[in-house]
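This report concerns only the one structure given below.
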Amino acid sequence: MTLTRLLRAAAIAATLAVASPAFADDIRDAIEEARKAYQANDLVAAKAALDVASQLLAQRSASGLSRFLPAPPRGWTADEAETDASAAAMFGGGLIAKRRYSTGERHVTLQVLANSPMIAQLSPLFSNAQLLGAMGRVFRFKGKTAVHSRDGNIQVLLGRTLIILEGSGTEAEKRALLDLLDIAAIESFNG
C-alpha cells in the first residue's frame, strides 16, 4: 500500500467526517465515494468512505431514537436530548439517546439504548423474575417487567431496547417519567 493511497483515504475520511449529518446527501455521497474508490481498485479509500457512511447512518439512527424521550412533566425542566452512536461502544455497540430532567435539586437521566448486542444478553435476565429480583425490586410497567435496582436506578427491557432511569430523583418521579414512554413505538424502533 502506497503512502499516496493512505493519504488519499485519510483525506476522503476527513472530508466526509466534517460533513454535517443534517444534509440528507452526506450518506449517499460517502457511499458514492466508496463506489468510485472501489472501481479504481483503491480498497483503502473505499473502506474509509464506507466507514464514514456507516458512522453517518448510525448518527442518523441515534437521532431518530431521541424522539422517544418525552417532554418534561409539569414542574420539571429538561436539557436537550443527546444522541450518540459511538458512546454505546462500551455496551458492545448500538445507539444511545438520553435526556436529563430536573426539578429543584433533583434530577433524573432517562437513557434509551437500542440495537446493542448487550441487550440480547439481558433478555434472559428480564424474562426470569427471580434472577432479576437479585438486582432489586421487580415491578410491572405497562405489561413489561422492570426492576428498581438497589442503587436506585430503574431498568426495563422493551424488545431490543433497554430503558434506564438514574439520578437523584425519587422512585415515584422516575416511574412518572417511565409512564410517559410510548412502549409500542420504542419496541418497533428499527433504526
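Here are some notes:
- Computed over protein heavy atoms with a 1.4 angstrom probe, the accessible surface ordering of 101, 38, largest first, is 38, 101.
- Viscosity 0.692 mPa s, 37 °C: Kirkwood-radius Stokes-Einstein D of the range 76-178 over Cα pairs, µm²/s: 233 µm²/s
- Within the accessible area of the range 121-191 (1.4 Å probe), percent carbon and sulfur: 51 percent
- Sequence-distant lysines (8 or more away, or on other chains) whose Cα lies within less than 19 Å of residue 144: 174
- Volume per residue of the convex hull around the Cα atoms, evaluated for the range 118-191, comes out as 94 Å³.
The values are calculated or read from the model by the stated rules, or taken from the named source; none is laboratory data. The structure presented is a predicted model; accordingly, all values stated were derived computationally and were not measured. When the accessible area is computed, the model is the full protein with side chains, heavy atoms only, and any ligands, DNA or RNA have been set aside. Shrake-Rupley method; radii C 1.70, N 1.55, O 1.52, S 1.80 Å.
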